[in-house]
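The structure under discussion appears below in the form of structure tokens.
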Amino acid sequence: MSPASRYTYLGPEGTFTEAALRTLPEAATRELVPMVSVPAALDAVRNGEAGGSLVPIENSVEGGVTATLDELATGRPLMIYREVLLPIAFALLVRPGTALEAVKTVTGHPVAQPQVRRWLAEHLPDAQWESAASNADGARLVQEGRYDAAFAGEFAAATYGLEPLVTGIHDAENAATRFVLVGRPGRPAARTGADKTSVVLWLGDDHPGALLELLQEFAVRGVNLVRIESRPTGEGIGRYCFSVDAEGHISDRRVGEALMGLRRICPKVRFLGSYPRAGVEPSQTAPLRRGTTDDEFAEAADWLARCVDGRA
């Protein structure tokens, strides 16, 4: 297959990321290639070795996946074209014949630990936890005999010759992880009426109300934010950029004008894409606030033009 027909993902085989990727219809016609890390998966796209990459970006329990947020904010630009929401429940995977009382060491991805902490304290209070590069990699380590059990997706059991000793493990009901399909920069995904726009914003200088100034660009235009997280820029203590997800599409007048306002006041704005919101239909979106529809923006622009021409 050509590189354009290849999708990378955070591997190895058997990860929740692979399960999320396989929910996309186009995955059936792509070569799916597991990578050892989020940076490796995204660099394959940057280098033209893959047409897209699916990586985790947010968890409903632990929040943002910092490796993905930082990779999207730095290096050669990439764009998000789609998102996937996957419900998360873990299985305790063991080598065949292992009893629960024989489990003394467990492993899994660091993000998994907070999602199973209470279950672990109740059922395996003396078990020692060691982190793995991914949940599937934890299953591989159990297969090799390095640990007694791994928290991973039940679907990973067959891949690694393990059996699910306990299934449906989660401390938080309705836990989910959000994944994004990332490609090289191009035209944003088509507007659907239930969209999300992602950007990274840098503050020009640190002064009282600096963050408020950024937020006001969205607020005065009726653009709702669904996520905002600060990340260190690496330029020193107190230097941060902000990863933002907003409701709406860049072609919506309210969103486009908000981005123009931010571009005027921020030293740097990185547009990460506008794409359909997973699990949300246009009919489910909240009504827009008065004065923020495209027609009202167009009417205001026409009024201003008439004022300039002396026709108001």
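The values are calculated or read from the model by the stated rules, or taken from the named source; none is laboratory data. Note that this is a predicted model, so its numbers are computed, not measured. As a convention, Cβ positions derive from the backbone with ideal geometry for all residues, glycine included, and neighbour counts pool all protein chains shown. Areas reflect the complete protein model, heavy atoms only, side chains present, ligands, DNA and RNA absent. Shrake-Rupley method; radii C 1.70, N 1.55, O 1.52, S 1.80 Å.
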Residues that are in contact with a strand residue (DSSP E or B) (Cβ under 9 Å, 6 or more places away or on another chain) and under 21 Å from SER53 (Cβ atoms), at least 1 per element: which helices (runs of 4 or more DSSP H) completely within segment 73-187 meet that? 135-143, 156-159
ALA258 in contact with an Asp or Glu (Cβ under 6 Å, 6 or more places away or on another chain), more than 29 Å from PRO87 (Cα to Cα) and surrounded by 16 or more Cβ atoms within 10 Å (Cβ to Cβ): yes
Condition test on LEU93, is it over 19 Å from ARG146 (Cβ atoms), aliphatic (A, V, I, L, M) and open to solvent by less than 50 Å² (accessible area, probe 1.4 Å)? no
Step by step: first the residues of segment 23-33, then only those that are under 15 Å from VAL182 (Cα atoms) and without any contact (Cβ under 8 Å) to a residue 40 or more places away in the chain, then the one that is most open to solvent (accessible area, probe 1.4 Å). Which residue is that? ARG30
Candidates THR167, THR192, THR197 - the one that is modelled with pLDDT of 95 or more and touching a Pro at 6+ places or on another chain (Cβ under 7 Å): THR192
Anything in segment 170-189 that is charged (D, E, K, R) and either modelled with pLDDT under 95 or open to solvent by 60 Å² or more (accessible area, probe 1.4 Å) (or both)? List them, or say none. ASP171, GLU173, ARG184, ARG187
Just need a number here: residues in segment 224-243 that are touching a strand residue (DSSP E or B) at 6+ places or on another chain (Cβ under 8 Å), surrounded by fewer than 22 Cβ atoms within 10 Å (Cβ to Cβ) and either among the hydrophobic types (A, V, I, L, M, F, W, C) or over 13 Å from THR197 (Cβ atoms) (or both). 11
Taking only segment 188-229 into account, find how many residues are touching a residue at least 60 places away in the same chain (Cβ under 8 Å) and in a strand (DSSP E or B). 10
All but one of (1) surrounded by fewer than 12 Cβ atoms within 10 Å (Cβ to Cβ); (2) under 24 Å from PHE179 (Cα atoms); (3) in contact (Cβ under 8 Å) with a residue 40 or more places away in the chain hold for VAL269; state the number of the condition that does not hold. (1)
